[in-house]
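Chemist: Can you keep this structure in mind? I'll have questions shortly.
The values are calculated or read from the model by the stated rules, or taken from the named source; none is laboratory data. Fair warning: this is a prediction, and the values are worked out from it, not measured in the lab. Cβ sites come from the backbone with ideal geometry, for glycine too, and all protein chains shown count toward neighbours.
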Amino acid sequence: MSAHVEVVSTDLRRVKVKVTPGTYLVDVLGEACRKLNLQSDKYELKHKQKLVDLTGPYRTSGLSPGAKLELIQKSKSASVLSIALDVNGKRYTKKLPSDMSLWKVMRQFESAESGLNITGRGVPVGTNSGQLYHEAPTINIMGREYSALEDLNKTLSQCGINSGSIVLRATFKLSERTLFDALQEIGRYLSDVEPEQPKAEDKTEPTAAPVVEQPKAETPVEELSKPEVPAPVPAAPTEPTAGGEPMDVDGPSTSATVAAPTDHLQPTNVFTAPSSSTPAAARTREDDSVYEPTIAHAQLRQQQLLQRSQNRRLKSDAELAADAAEEAARLAKITRVEIKVRFPDQTSAVWTVTPEETGAFLYEAVRGVMAHPDQPFRLILPGPKTVVHEDGKTLIAGYRLKGREMLHLLWEDGVPAAARGAPFLKGSVASKAREVVVPKIPQVGKEEEVVAGPSTAGRVEKRGGGGSSMDSDTVKKKLSKFLGLKKK
């Protein structure tokens, strides 16, 4: 049994599209756009002010024969979808843009999940044959299968997925082509379809960084006999960290106890543990008047809430790629980073690393100052607790380290209690450790000026002594009225 639906375009042109119970609505959209000479990937269908789900067939859509569908334009920016990929009964989830092709979706899941192989599966055929044949992936969306390369190159939006969440089921069919021939054909097809894009397979292949030997500078014979006199280096100012220990402000500092190391693995500074168990920040006392809000603070908060309530569109793929390129360029300009590693007994050491240094270098440097270098440990970054692994991943570009960073050393579970309770640093390094000097921050007086923002530009509220634009009672009344507080 066949029927038809009527599609009305934005310029009020009408076309009829024949449908059967098994006709998918994404095909209805494609047929209507073909008759109207429009691009189907830029339009959606709406019925009675509701968007039509294009992924399902006509029999499950709830549309009656002869239903009138409106053809509306889609948003130019890609929407973010929640994609669940079901592979042999195991489900993986990821948020992806709607303009990503099915092939790239599979590649995204492969790169995110270790050991997951969807696009390059091969199985031996025959008992004594060593030849692998390709298992071609097939994506099932609401009962419809996409297996050909042309179909897998369709975007999620072209498959009718424009919003919400969807489950993609991946199955595999044994083809008559060998794995090598199939991958070659896939690579040629992708290079023809997207010549400006590098192949997906090329992204996963590690490339060895070339080693460039630096030419040695020739030193005159008369200069070799001259003794080297080190130039005096002024003491660098320090700023306290959250734990009360300062980090260097103008590069690695030198002192009478710690000289510049000749070995790159040696730390530039070693610090003893704090003498007090209470952090320095907790011992600082501030006047209560510092925390009293003013009208300017309330107006600034109101502006921030107003800005957050405004709708903002998601960045496009081109904008995200530009941001990633800009971030990579910023990281490439960094010539050195100071990394301070805090040990379990609250001692710490500082190393200066270059863009070529990796996680393996940092682990080797830490073992060089340990009293028990045979005990396992791991280094983590604060915040999301990213683990710095002992591998070839660079510290600056790989972990996005900038300026001065703090890492924490944690023992692994198998470390005995004797090693945990013993001093972390070996004797030769601990003898060079110096005490952390926390600079004294001058207290802010009561005559403090607070400028709110653009709407209150030029307006200054003073707290404390005379000359105030309004007394404290007036400020409290206005602030309570703004915040909606009532007197009890």
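Chemist: Quick one: would you say SER114 is free of Cβ contacts under 8 Å to residues at least 60 places away in the same chain and touching a helix residue (DSSP H, G or I) at 6+ places or on another chain (Cβ under 7 Å)?
Modeler: no
Chemist: Just one of ASP27, ASP11, ASP41, ASP53 is loosely packed, with under 12 Cβ neighbours inside 10 Å and either of a type outside the set (Ser, Thr, Tyr) or in the same structural domain as TRP103 (by TED's automatic domain parsing) (or both); which is it? If you could, list the steps in order and put the result at the bottom.
Modeler: Details: ASP27 fails: loosely packed, with under 12 Cβ neighbours inside 10 Å; ASP41 fails: loosely packed, with under 12 Cβ neighbours inside 10 Å; ASP53 fails: loosely packed, with under 12 Cβ neighbours inside 10 Å.
Selected residue: ASP11, the only one of ASP27, ASP11, ASP41, ASP53 that is loosely packed, with under 12 Cβ neighbours inside 10 Å and either of a type outside the set (Ser, Thr, Tyr) or in the same structural domain as TRP103 (by TED's automatic domain parsing) (or both).
Chemist: Could you please find all residues in the range 420-429 being more than 14 Å from ARG367 (Cα to Cα) and in a helix (DSSP H, G or I)?
Modeler: Within the range 420-429, ARG420, GLY421 meet the criteria.
Chemist: Here's another thing I want to ask about it. Looking at LEU69, LEU45, LEU29, LEU85, which is the one that is assigned to a strand (DSSP E or B), farther than 30 Å from ALA321 by Cα, in contact (Cβ under 8 Å) with a residue 40 or more places away in the chain and in contact with a Leu (Cβ under 6 Å, 6 or more places away or on another chain)?
Modeler: From the options LEU69, LEU45, LEU29, LEU85, the qualifying one is LEU69.
Chemist: Additional query: For the range 279-329, how many residues meet the condition of being loosely packed, with under 11 Cβ neighbours inside 10 Å and within 30 Å of GLY398 (Cβ to Cβ)?
Modeler: The total comes to 5.
Chemist: Is it the case, given these coordinates, that ARG285 is more than 30 Å from HIS372 (Cβ to Cβ), in contact with a Ser or Thr (Cβ under 6 Å, 6 or more places away or on another chain) and assigned to a loop (DSSP other than H, G, I, E, B)? Can you show your working first?
Modeler: Values: more than 30 Å from HIS372 (Cβ to Cβ): yes; in contact with a Ser or Thr (Cβ under 6 Å, 6 or more places away or on another chain): no; assigned to a loop (DSSP other than H, G, I, E, B): yes.
So ARG285 fails the test.
Quick grid of which residues meet (1) over 36 Å from the mean Cα position of the chain (by Cα); (2) at pLDDT below 70; (3) outside the structural domain of THR354 (by TED's automatic domain parsing):
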| residue | (1), (2), (3) |
| --- | --- |
| ARG378 | no, no, no |
| HIS389 | no, no, no |
| ARG400 | no, no, no |
| MET406 | no, no, no |
| GLY427 | yes, no, no |
| ARG459 | yes, yes, yes |
| THR474 | yes, yes, yes |
| LYS481 | yes, yes, yes |
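Chemist: Can you tell me which condition GLU364 does not meet? The list is (1) charged (D, E, K, R); (2) touching an Asp or Glu at 6+ places or on another chain (Cβ under 7 Å); (3) not in a strand (DSSP E or B), and all the others hold.
Modeler: (2)
Chemist: Sort out which residues of the range 156-165 are modelled with pLDDT of 85 or more and either in a helix (DSSP H, G or I) or surrounded by fewer than 19 Cβ atoms within 10 Å (Cβ to Cβ) (or both), and write them in order of number.
Modeler: If the condition is that a residue be modelled with pLDDT of 85 or more and either in a helix (DSSP H, G or I) or surrounded by fewer than 19 Cβ atoms within 10 Å (Cβ to Cβ) (or both), then SER165 is the only one that fits.
Chemist: Only residues that are modelled with pLDDT of 85 or more and among the hydrophobic types (A, V, I, L, M, F, W, C): list them for the range 2-11, please.
Modeler: Those that are modelled with pLDDT of 85 or more and among the hydrophobic types (A, V, I, L, M, F, W, C): VAL5, VAL7, VAL8.
Chemist: So GLY120 ticks every box in (1) in contact (Cβ under 8 Å) with a residue 24 or more places away in the chain; (2) farther than 15 Å from PHE172 by Cβ but one. Which box is left unticked?
Modeler: The single condition GLY120 does not satisfy is (2).
Chemist: Within the range 48-62, track down each residue that is touching a helix residue (DSSP H, G or I) at 6+ places or on another chain (Cβ under 8 Å), of a type outside the set (S, T, N, Q) and assigned to a loop (DSSP other than H, G, I, E, B).
Modeler: If the condition is that a residue be touching a helix residue (DSSP H, G or I) at 6+ places or on another chain (Cβ under 8 Å), of a type outside the set (S, T, N, Q) and assigned to a loop (DSSP other than H, G, I, E, B), then VAL52, ASP53, LEU54, GLY56 are the ones that fit.
Chemist: Okay, next question. Can you tell me how many residues in the range 400-411 are outside any strand (DSSP E or B) and touching a strand residue (DSSP E or B) at 6+ places or on another chain (Cβ under 6 Å)?
Modeler: Residues flagged as outside any strand (DSSP E or B) and touching a strand residue (DSSP E or B) at 6+ places or on another chain (Cβ under 6 Å) within the range 400-411 amount to 1.
Chemist: Turning to a different aspect of this structure: Filter the range 8-26 down to the residues that are in a helix (DSSP H, G or I) and within 18 Å of GLY66 (Cβ to Cβ) and list them by number.
Modeler: Residue satisfying the conditions is LEU25 alone.
Chemist: Follow-up. So, of the residues in the range 336-357 that are among the β-branched types (Val, Ile, Thr) and assigned to a strand (DSSP E or B), which turns out to be farthest from ALA417 (Cα to Cα)?
Modeler: Among those residues, the one meeting the criterion is VAL337.
Chemist: Which number in (1) of a type outside the set (Lys, Arg); (2) part of a loop (DSSP other than H, G, I, E, B); (3) surrounded by fewer than 20 Cβ atoms within 10 Å (Cβ to Cβ) marks the one condition that ALA78 misses?
Modeler: Of everything listed in (1) of a type outside the set (Lys, Arg); (2) part of a loop (DSSP other than H, G, I, E, B); (3) surrounded by fewer than 20 Cβ atoms within 10 Å (Cβ to Cβ), ALA78 misses just condition (3).
Chemist: Please work out if ALA296 is touching a helix residue (DSSP H, G or I) at 6+ places or on another chain (Cβ under 7 Å) and over 30 Å from GLU435 (Cα atoms). Talk me through it step by step, then tell me what you get.
Modeler: Details: touching a helix residue (DSSP H, G or I) at 6+ places or on another chain (Cβ under 7 Å): yes; over 30 Å from GLU435 (Cα atoms): yes.
Yes.
Chemist: Out of curiosity, is ASP99 closer than 30 Å to LEU45 by Cβ, acidic (Asp, Glu), under 22 Å from the mean Cα position of the chain (by Cα) and surrounded by fewer than 18 Cβ atoms within 10 Å (Cβ to Cβ)?
Modeler: yes
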